[in-house]
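Quick notes on the structure that follows.
The values are calculated or read from the model by the stated rules, or taken from the named source; none is laboratory data. Just so it is clear, the model here is predicted, and its values are computed rather than measured. All Cβ positions, even for glycine, are placed from backbone atoms using ideal geometry, and neighbour counts span all protein chains on display.
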Amino acid sequence: MYENFTMFLLKLPESCKKFVASDCIEFHLPRKHHDCPFCGSPYTYVHDYRKQNLCGFAAEIKYIYKRRRYRCQDCGKTFSESNSFIERYQQIPCSEIEHIIQELADPVPSSLIAHRHGISTTTVMRHFARATKEGTASESSLSVVISLDEFRGNAGAKFQVVVNDLQHRKCCDIIDDRSTVTLYDKIRNYTLADRANVELVSIDLSPFFRKLVEECLPNAQIAADKFHAVRLANDALDSIRKEVQAGLDPSQRKWFKNARRTLLKREQKLTPKEHINLSRMFSFSEKLTRAHALKEEYCRLFDSIDRKDFAARLHQFRQHVHDAGLVPFARVLKTTEQWKEEIWTGIETGYNNGFTEGCNNTIKVLKRVCYGFRNFENFRRRILYILNNEARKSRRTKAA
Ligand SMILES: [Zn+2]
């Protein structure tokens with residue numbers, strides 16, 4: 001419908017454009033017959049010209065559009081000529097508005113985009129609100145497989161909850177508050193049919209989310225996220241590392257601290273050099289050696305091929321935790337027992353919060369570069385736009 005402004009200008013006959021200053025081009029359209037839009041009369045004549053300053057360009061050049069106006073001989077009304085590059089009452093050509101909207105799909109401050117185009121942030125956000133209101137009605141429905149995850153926000157409430165569609169890898173919603181009242185309210189705002197449609201929800205090991213799913217999503221199975229579960233075992237191992245480290249003399253302490261990554265990494269992924277470092281760490285403490293073996297065994301739970309295999313591996317792990325007598329791992333075991341059904345569902349279905357973690361990183365980047373958002377609605381709209389932007393998503397997939 002509307003054409004690219006640069007192309008339009010290139011195609012415009014030379015006689016229609018002139019430089020009025022070294023950085024300013026004035027132009028008008030070739031004269032064309034216009035019927036009166038009010039009474040349909042063909043008897044119209046040029047009434048006057050109105051100069052309109054165009055803005056929103058990334059280049060350091062100004063454009064003045066000499067808009068031709070006609071008057072109708074029959075009804076006496078005046079009207080503007082039709083054009084292909086700018087909407088009525090706008091100062092920014094349509095193609096430039098499109099550029100601005102596209103630039104907002106990257107996590108950069110809107111003030112930077114505003115500056116680049118020589119317009120105010122308010123103008124940028126006004127066009128953004130208008131553009132996103134137009135094509136995003138499908139945003140507010142749940143999908144068959146979703147994840148719930150919280151992240152630390154700095155707009156409005158402290159924590160926000162992200163609802164993602166794991167099948168289509170998109171973000172369904174961001175809820176501005178983790179408080180029970182808000183969250184239940186927002187989830188129950190979805191129709192019952194929509195909620196009944198949800199078959200699987202991936203969550204971290206949070207009793208609060210579990211209760212929410214059980215009470216609001218009648219047909220949903222729960223999958224406990226494997227990354228959160230593994231983190232429990234890693235935290236247990238790391239607490240033992242700190243204990244051992246505290247008993248070392250300062251010269252060794254620093255090396256020990258640096259070797260932390262090696263300790264937490266899956267053993268099968270270690271490089272030969274890291275293997276040597278790991279053995280060296282073990283030589284400091286037998287307890288740490290035992291804890292590391294438990295962590296590795298815990299990770300192998302997630303390689304289970306079927307339910308029976310999972311039960312057998314968990315049984316083994318239980319035995320070894322009892323034998324090892326390490327309090328942090330006793331706690332890991334306790335949590336795992338409480339979540340074993342959900343953990344198995346996660347393994348069986350292969351769904352986890354990996355996609356969600358990626359989204360949370362993008363959110364963090366946006367918040368960092370934008371120094372926080374004061375207005376949650378703006379923040380929410382922007383995040384949904386960035387996360388669900390097709391062009392950006394395909395770029396990300398290619399990079400991975
Ligand atoms: Zn008329």
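The set of residues in region 337-352 that are surrounded by 15 or more Cβ atoms within 10 Å (Cβ to Cβ) and over 15 Å from ALA312 (Cβ atoms) comprises TRP339, GLU342, THR345, GLY346, THR349, TYR351, ASN352.
For the structure I just gave you, tell me whether PHE27 is at pLDDT below 95, surrounded by 14 or more Cβ atoms within 10 Å (Cβ to Cβ), more than 16 Å from the ligand (Cβ to nearest atom) and under 20 Å from HIS117 (Cβ atoms). Can you show your working first?
Numbers: at pLDDT below 95: no; surrounded by 14 or more Cβ atoms within 10 Å (Cβ to Cβ): yes; more than 16 Å from the ligand (Cβ to nearest atom): yes; under 20 Å from HIS117 (Cβ atoms): yes.
When the stated conditions are applied, PHE27 does not pass them.
Of all residues in region 8-54, those that are within 18 Å of GLN90 (Cβ to Cβ) and either outside the structural domain of CYS72 (by TED's automatic domain parsing) or in contact with a Ser or Thr (Cβ under 7 Å, 6 or more places away or on another chain) (or both) total 1. Set side by side, the residues TYR65, TYR70 differ, and just one is touching a Leu at 6+ places or on another chain (Cβ under 7 Å) and farther than 30 Å from ASN388 by Cβ, which is TYR65. Look at region 72-89: where a residue is under 26 Å from GLU3 (Cβ atoms) and a partner is small (Gly, Ala, Ser) and within 16 Å of the ligand (Cβ to nearest atom), sitting 6+ places away or on another chain with Cβ atoms under 9 Å, you get ARG88/SER80.
Reported count of residues in region 298-328, each being assigned to a helix (DSSP H, G or I) and under 22 Å from ILE203 (Cα atoms), is 10. Only residues that are surrounded by fewer than 17 Cβ atoms within 10 Å (Cβ to Cβ), part of a strand (DSSP E or B) and within 15 Å of the ligand (Cβ to nearest atom) were counted across region 34-70, and they come to 4.
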